[in-house]
1. Quick one: compute the contact order of segment 113-236, relative version, from alpha carbon pairs under 8 angstrom and 6+ residues apart, as a percent.
2. Shape verdict for segment 1-123, please, from the Cα gyration tensor: rounded (a/c under 1.5), prolate (a/b greater than b/c) or oblate.
3. Pull up the cross-link candidates among the aspartates and glutamates for residue 166, meaning alpha carbon to alpha carbon under 19 Å and not fewer than 8 places away within one chain.
4. May I ask you to order 320-332, 101-113, 60-72 by the average number of other C-beta atoms within 10 Å around their residues, highest value first?
5. Could you tell me the relative contact order of segment 254-402? Use alpha-carbon pairs under 8 Å, at least six residues apart, and round to a whole percent.
6. How large is the helix-only mean residue ellipticity at 222 nm for the chain, computed as the sum of -39500 (n - 2.57) over DSSP H runs with n ≥ 4, divided by its residue count, in deg cm²/dmol to the nearest 500?
7. Report, ordered by chain and residue number, the lysines lying within cross-link reach of residue 382, taken as a straight Cα distance under 22 Å and ignoring same-chain residues fewer than 8 apart.
8. Cβ under 15 Å from residue 49's Cβ, residue 49 left aside: what net charge do those residues give with Lys, Arg +1 and Asp, Glu -1?
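Here, each number is a calculation from the coordinates, and none is a lab measurement. These figures come from a predicted structure and were not determined experimentally. Here the Cβ is made from the backbone with ideal geometry for all residues, glycine too, and neighbour counts use every protein chain on show.
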Amino acid sequence: MSHVIVIGAGQAGCALVAKLRADGFDGQITLVGAESVPPYQRPPLSKSYLLGEMDQARLYLRPLAFYADHNITLRLSEQATTIDPSAQTVTLGSGAVLHYDHLALTTGSVPRRLPAAMGGDLGGVYTMRDLTDADRMAPELIPGRRVLIIGGGYIGLEAAAVCAKKGLLVTVIEMAPRILQRVAAPETSDYIRTLHLSHGVVIREGAGLDRLLGEDHVTGARLTDGSEIPADFAVVGVGITPATTLAEAAGLALDNGIATDLKGRTSDPHIWAAGDCASCQFHGARIRLESVGNAIDMAEVVAQNIMGKEVDYHPAPWFWSDQYDCKLQIAGLNTGYDAVHVRQGDGAQSHWYYRDGTLIAVDAMNDSRAYMIGKRLIDMGKSPPPNVVTDPATDMKALLKA
């Protein structure tokens, strides 16, 4: 009987094993996860879960009974330590050695941490990546306390929004000249900055961190300009890196993550990869998408190809971020844009990115219609004239038929 082992019990791993069973795979499936809980949603950790609006059980992607009902072996609290591609085996931290016919790596990503020399190992310094992180940080969210958010990307800003809603005094420092500089146009940065300022958050852009202060527990931070900021705790949101240690040790090809072909196969014909840890082909370039949508879609393609269906993966990038009462939805990739056009109306706003006259991405703030239509236009390869897109009188739905 064929045995598929999936290492990484997150969004991609769960999607992959569920798709195998849904499509009729009748072999053995083992899902290995380092955490003690079954696969769960990560985006709510820094939002509704941390706010106390969602309990742990509601985070689970599938009820625990789903895995037993579908004959999927869950090996939780297990760390895969070694892959032997020649023997087609995986060794676990418990000493167990498992043989596979197909192996899928859905190991996700790991947060970048501050080095110890900058105070990264002080008490009261948190990252926000998994359930343990959220549970450790939750007791800190007491009204009136001072929190320092290091990093003005989506992770840091979502944490800032939660802390501000909880009544904390929030300061965000961003080394770049503006928040969201790596991922969004100045127009989107301006919108999100104004949103946070309206909720009392202090944002310091172009502010480099020299080090965190404190003996055993963080008490503040010194910036590169010599100024100091007091803090009762700190949240580090300076990006993530693909979890490739296991793949690298096994000799798999790496290129901005675990390199995969159009089918999701790695450089070893029996090993596949999907989600944050994997890079894929997109419009002639190799990219790695850090999103729920990519984790699910890529994992499901891999599941089909494990079953011999020979399906190509065609990424359709989309992302979202919830901050206060603003839902930011993003369609497409804005890499290389040369113009941004703003559409306004009824408390909603959307930013349309063009490159050489071609629509490549849309940022929509509280405008789900603009997001959905923009996403479909990009998928269809249609690029309406910017003056038409930004005209409040334009029937957006009609753009799909033009």
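1. Averaging sequence separation for qualifying contacts and normalising by length gives 32 percent for segment 113-236.
2. oblate
3. Partners within reach: 53, 55, 133, 135, 140, 158, 232, 322, 325.
4. 101-113, 320-332, 60-72
5. 14
6. -6500 deg cm²/dmol
7. 397, 401
8. Result for the neighbourhood of residue 49: -2.
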